[in-house]
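I have placed the structure first, in the form of structure tokens, so that the comments after it can refer back to it.
The values are calculated or read from the model by the stated rules, or taken from the named source; none is laboratory data. Quantities reported herein were computed from a predicted structural model and do not represent experimental measurements. Here the Cβ is made from the backbone with ideal geometry for all residues, glycine too, and neighbour counts use every protein chain on show.
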Amino acid sequence: MIEAGTEKQFVWGGGNWIFLDIGFSGAKDARGRTCGLVIGDAEPGLLNFAEAKKRIVDYLVGSRALVNLVIEAPLSVCFNAEGLPTGRSIETRDGKNRFWYVGAGCSMMVASMYLLSAILEALPRSTIRLFEAFISYKDADAKSDHKREAKTLRDAVRSPGQFPCRKFAAHELKTRTDDDLFSAFRVLGADCGVPAVIML
């Protein structure tokens, strides 16, 4: 079963966490290693999409305990009263927009859909609690370091007092009260609710 995690559940606890800075490249060489992955206390790794998907699915299938899965990608979508895609509250800052339905956000959402589809096909026995991460407001000249970003996400959950971050409940993601906010996976027939968001 896959369910949306809440902002109060960003607690390290037993450390049964997976952090994925997801990428979606078709390159077969090192340029295709665009997924930063950290499982529990293990060392972070840099993998391609297929490798990251297999490692996550294998871990979930082998687990019997609840697993918290954090993906750095839009995991919920929002439409206005007219039925048009609209930004979520976290996607505009200092006059800059990072909307879920354009550019890299949309691409990473599609990647997360294929990951979730693979998880559902594998039929893991454990409950999977899903969270969204948002690390889009970087310096324009900063190069993405996927492995470091996955590790930073883990650090923010494991040691919240040392790593500043903001947590958003599902109800805080709407910009307007009449917006329609729901799971990005509803289109797959897998509506697991709207996950809370951790923003770095």
Sort through Leu84, Leu115 and tell me the only one that's aliphatic (A, V, I, L, M) and more than 19 Å from Gly189 (Cα to Cα).
Leu84
Residues that are within 16 Å of Ser126 (Cα to Cα): which strands (runs of 3 or more DSSP E) entirely in segment 1-57 hold 1 or more of them?
2-4, 17-21, 35-39
Looking only at segment 178-191, decide whether some residue is closer than 28 Å to Glu43 by Cβ, in contact with a strand residue (DSSP E or B) (Cβ under 6 Å, 6 or more places away or on another chain), assigned to a strand (DSSP E or B) and in contact (Cβ under 8 Å) with a residue 24 or more places away in the chain.
no
Of the candidates Lys147, Lys174, Lys151, Lys167, the one satisfying the condition of being surrounded by 15 or more Cβ atoms within 10 Å (Cβ to Cβ) and touching a Gly at 6+ places or on another chain (Cβ under 7 Å) is Lys147
Output for segment 63-101, where each listed residue is in a loop (DSSP other than H, G, I, E, B), modelled with pLDDT under 95, surrounded by fewer than 16 Cβ atoms within 10 Å (Cβ to Cβ) and not small (Gly, Ala, Ser):
Arg64, Asp94
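Tell me, please, whether a residue that is hydrophobic (A, V, I, L, M, F, W, C), part of a loop (DSSP other than H, G, I, E, B) and within 14 Å of the chain's Cα centre (by Cα) can be found in segment 111-129.
No: zero hits.
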For Gly36, are the conditions met, namely being surrounded by 15 or more Cβ atoms within 10 Å (Cβ to Cβ) and closer than 18 Å to Arg166 by Cβ?
no
